[in-house]
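To keep things clear, I will list the structure first and then write my remarks on it.
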Amino acid sequence: MTQGTERSRIRLFYLVVMLSGLAGLGYQMVWTRLLAVSLGHEIVAVMAVVAAFFVGLALGGLVLNNVISRSRRPQYWYLGLELAIALWSLLLTQLIPVYNQILPTLIGTTPSGLVHWSYAFGASLLLLLPATFAMGATLPALERVMSAHWRQPGKIPALYSANTFGAVLGTLFATFLLIPELGLSSTQVSLAVVNILCALAVPMLLSQQEPVSSSGTPSRSAVTSPSSQQPPQTLGWLYGLAFCTGLLGIGYEITVVRVLSQILENTVYSFASVLAVYLIGVACGSWLYQHRLGRATSPASTWQTGLQRLLSITATLCLTGIGALWLVHALYPALSAWLSAHNISTVLAELVVATLVFLPPTLAMGALFSHLASRATQHQRLGNLLGWNTLGSAVAPGLFGVMLLPLLGAKTALAMVPMGYLLLVLAQWFFHRASLPRPTSWRNRLFREAPVALCLTLLLLMLPFPLRFITVPEQSQIIDYREGVMAAVAVVEDASGHRHLKVNNHFTMGGTASRFSDHRQSHLPLLLHGQPRQALYLGLGTGITYEASQYYPDLTTTAVELLPEAVELMPSFGVTPAHWPNASTVMAADARRFVLSSAAHYDVIIAEIFHPSRDGAGALYTREHFTAVRERLADDGLFAQWLPLFQLDLDTLKTIIRTFVTVFPDAQLHLGHLSLEQPILCLVGTIKPRPYHADWLLQRVHDPRLQQQLVLNRLNSDFALFGGFLGDSDAMRQFVGAGPINTDDHPLVNYRAPNFVYQPQSHPSDRLMHLLATLSPQRGNLLTAEQRTSPFATELEKYWQARDAFIRTGTRAQDSHNVQQLLARSREPLLQIVRSSDEFDPAYRTLLVSARNLAAVDPAQAFDLLTELDSANPQQPEARLLRQRLFGR
């Protein structure tokens, strides 16, 4: 065999190593998404899945290391491992849907943290174990192949680098290409094909070779059992270092990602970008070690010195990454705005931020792991080292994400990472001072190897600036702040005294300034049902929408909110369910898992507004979730899904509606209010058709407190209640047309909705106008067959036409800067709307307010306007009374 052919085979071998890493990270992205459906998006469940994945990897490396290191044919071990991964991943396409149906009922609706974590971790570990166990031994098998067949036993840094570069590709391909285009199951099948190709490729590459010794002839010494060679006394310490560095490395990742969630967009692509940069840094660090630093692995004293320096460098670079967080908080908005102005996706800005924060420390982490792995490989203990390193990684999410971060705050929790590396420097000197060069004084050693890292760590702890990034408008103040396990939650009060809720530095829907709109989101579905007794709220936010339920005396409510901190902060918005006259239960839980695990039935289920672009929110718009909600409805039940049109592009809106009507054939679409800046929509689905008629409210609303609230929320007439109707299910089907739906297996919303925040969008009023123009000609039916020819139906049709005309007029006048400009554009159209419908009063109220404001600058024009307004609708006395008050006639 020629030398050129041999080099080609080695290059192909490294390609196999990359593809193996690609498949491994691709599976992790897929399985975490699939299992979150049943386990919930609570941090307990997410961390349990990650820990189960890492523990499976660790077990594979620990259990199979010895047998693989003794094998004369490690390529066949590798073949079997890759085939096992492929086979089990194919089986998981059938097993995971069954798992997702069974597990929520076992966990229950309100499990304790320990019970929830135990089920999530134990069940996930068992489900994924055959594949993750095999994954944990693939890299040791590949290293054994390299050392036995190509006489290159010191290539573990290069192999690790290639494998990690493959993991980068797996992260990016799975997130940006495979899952959006193929779906989760098909992505698993594609990755299984990659495993099969890898399995077959290695034996084929070695089919004409025999294992060779250092002299070039077949040798059994190359596969001598490591048990015949006594490992050094420091082997246990090596495993301890592997465990601690895995713990600290993933701890840094977990904590920094939480801090970055206050800066980045928090889409599915945000996490993929951050993870890709993290892995690139590790891969480059391993490559750098192989080609520049690997000579420091022997003799023992040189290796020990190199270890201490790498630990110190890692600590120092972690501190530079932490310091970069303050920089990128200011950099990201400016960079995003510049990219958006040049029609470039702001995903690039997230990549730049991730590079500044993650690349320097991960370069050192990659080199440090390669340094440890080179020593383990000399004693054929690579699998053991990988196992202990991965076990440390498994512990990190729980320790840093669940315990330290909420307990100590982000800055102190992050400071524990460089401090941990510095403690390893000190421990390394203490346990191995005899093998280290002089001087051996611990003071000289510590301050010679780690002075910069130590000083920076102390400086970080002393800085009075927390890693808390909350952008507040001028003259606003932070009333309350909670650093939770899942998110940082803050209550912000503006100069006018209105309060808003910020989650990870992003405004959520609702606040004291939008109480009118928020209350309508509760009143509308409850009134459309007519006589609700049991109601379920999915999502609370500020709790103001839920607050309106207290005015229904016979209503018992249950509310579910993902963030415990949001529940704790509801009193900051005046929401105190414990003081309400009717029965209410509020709990912190994942909405999807609650619906799947609950056995109760509800007359009305109200799903709050969920920002579709945020990672995980798309799972609340899938066919499976809508189906689970339908099963929780009573026989005459009603489900209301609110949608933020101002945060949705039309393609994503159509996908959600198309999905909804497949589950609720009898559906309606309503407009929440007449806002042009923040229009919201309500998808209403029912088990049975609910035809309406005149006097609907008169026959159902008798409580004085509720009547008063409906007056305040302008829902005190049947025209106002039904006036937001946009179309029935037939009209919606024609609007959305043929196309894909959003499912758990093909989560289109999760992967396509983020385009809304990464690319420039049209004004919300433009999307609303498109919706009206499409639906109005074929709005469909809302009333009973008998009522469709009644005077009420005629007046209701006039109301809808007046509403559409009012919105069109508003879009034309929204650029006006003063009352004269506004009237010049909208006076005649608004007067025509007033004349066209006696029941539609928003146009009347708009002109009334304009006349009151105009009276101060142009009394004559104000007088004429009030006279015309009174003539246009003489049934309304307000214009006449205002004219008398202002002008005495």
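Working note: Karplus 6.51/-1.76/1.60 with θ = phi - 60° gives region 683-700 the couplings 8, 10, x, 10, 5, 10, x, 10, x, 10, 8, 5, 6, 4, 6, 4, 7, 10 Hz, where Gly and Pro are set to x. Dividing the convex hull volume of the alpha carbon atoms of region 79-121 by its residue count gives 67 Å³ per residue. In the chain, the calculated helix contribution to ellipticity at 222 nm averages -20000 deg cm²/dmol per residue, counting -39,500 (n - 2.57) for every DSSP H run with n ≥ 4.
The alpha carbons of region 1-137 give a radius of gyration and a Dmax of 18.1, 67 Å, in that order.
When the P(r) of the chain is calculated, the portion above 42 Å amounts to 43% of the C-alpha pairs. Largest accessible area first, the residues Ile280, Ile43, Ile68 order themselves as Ile280, Ile43, Ile68 under a 1.4 Å probe with ligands, DNA and RNA left out.
Computed over region 468-574, the quotient of the alpha carbon radius of gyration and 2.2 N^0.38 Å is 1.14. Each residue of region 865-876 is assigned a 3J(HN,Hα), and the resulting list reads 5, 5, 5, 5, 5, 5, 6, 5, 9, x, 5, 8 Hz, derived from the Karplus form 6.51 cos²θ - 1.76 cosθ + 1.60 (θ = phi - 60°), x at Gly and Pro.
Each residue, Ala824 and Leu15, gets one label point 7 Å from its Cα in the Cβ direction; the gap between the two is 7.0 nm.
Once the 1.4 Å probe is applied to the protein heavy atoms, the chain comes out at 39 Å² accessible per residue. Put simply, the amide H of Val586, placed in the peptide plane, has neighbours under 5 Å in Ala559, leaving out anything fewer than 5 places away on its chain. As a length-normalised measure over Cα pairs under 8 Å and 6 or more apart, the relative contact order of the chain settles at 12 percent. Remark: the Ile687-Ala495 segment gains 64.5 nm on full extension, using 0.36 nm per residue and subtracting the alpha carbon distance. Centre-to-centre separation between the Cα atoms of region 105-182 and those of region 16-73: 3 Å.
How much space per residue, in cubic angstrom, does the convex hull of the C-alpha atoms of region 557-711 take up? Please list the in-between numbers first.
Numbers: hull volume 23.7 nm³, N = 155.
So the per-residue hull volume is 153 Å³.
Percent of C-alpha pairs per 10 Å bin in region 824-889, short distances first: 23, 60, 17, 0. Taking all Cα-Cα distances within region 1-64, those exceeding 18 Å account for 56%. Relative to the current alpha-carbon distance between Ser871 and Leu461, full extension at 0.36 nm per residue lengthens the span by 140.4 nm.
Here the ratio of the Cα radius of gyration of region 623-729 to 2.2 N^0.38 Å is 1.16. Calculated FRET efficiency, Gln699 to Arg835, Cβ-Cβ distance, R0 = 30 Å: about 0.45 to the nearest 0.05. Taking every alpha-carbon pair within region 754-889, the share separated by more than 21 Å comes to 52 percent.
The convex hull around the C-alpha trace of region 347-412, projected and averaged over every direction, spans 6.1 square nanometres. Based on the reciprocal of the average 1/r between different C-alpha atoms, the Kirkwood radius for region 497-549 equals 11.9 Å. Name the long-range amide H neighbours of His746: under 5 Å, sequence gap of 5 or more, or other chain; modelled H, no Pro or chain starts. Counting only residues 5 or more places away or on other chains, the set is Leu184. The angle between the Cα long axis of helix 791-813 and the longest principal axis of the Cα atoms of the chain comes to about 60 degrees, rounded to the nearest 10. Multiplying each eigenvalue of the alpha-carbon gyration tensor of region 499-637 by 5 and taking the square root yields semi-axes of 21, 19, 13 Å, largest first, rounded to whole angstroms.
Between Thr576 and Thr627, how high is the FRET efficiency from 1/(1 + (r/R0)^6) when r is the Cβ-Cβ distance and R₀ = 45 Å? Nearest 0.05.
The pair Thr576/Thr627 has a calculated efficiency of 0.85.
Probe radius 1.4 Å, ligands and nucleic acids ignored: give me the carbon and sulfur share of the accessible area of the chain as a rounded percent. Ligands and nucleic acids excluded, carbon and sulfur give 59 percent.
Multiplying the residue separation of Lys798 and Gln778 by 0.36 nm and removing their Cα-Cα distance gives an extension gain of 5.7 nm.
One quarter of the convex hull surface, Cα atoms only: what value does that give for region 720-799 in nm²?
For the Cα atoms of region 720-799, the hull's average projected area reads 7.6 nm².
Take the Cα of Arg72, step 7 Å toward its Cβ, do the same at Glu786, and the gap between the two points is 9.3 nm. Around the amide H of Leu681, modelled in the peptide plane, lie the amide H atoms of Leu643, Leu645, Gly672, all under 5 Å away and 5 or more residues distant in sequence or on another chain. Accessible surface comparison of Trp642, Trp117, Trp88, probe 1.4 Å, protein chains only, largest first: the order is Trp117, Trp88, Trp642.
The values are calculated or read from the model by the stated rules, or taken from the named source; none is laboratory data. All values derive from a computational prediction rather than experimental measurement. Cβ atoms come from the backbone with ideal geometry, glycine included; neighbour counts cover every protein chain shown. In case anyone asks, the SASA skips ligands and DNA or RNA and just uses the protein heavy atoms, side chains included. Shrake-Rupley method; radii C 1.70, N 1.55, O 1.52, S 1.80 Å.
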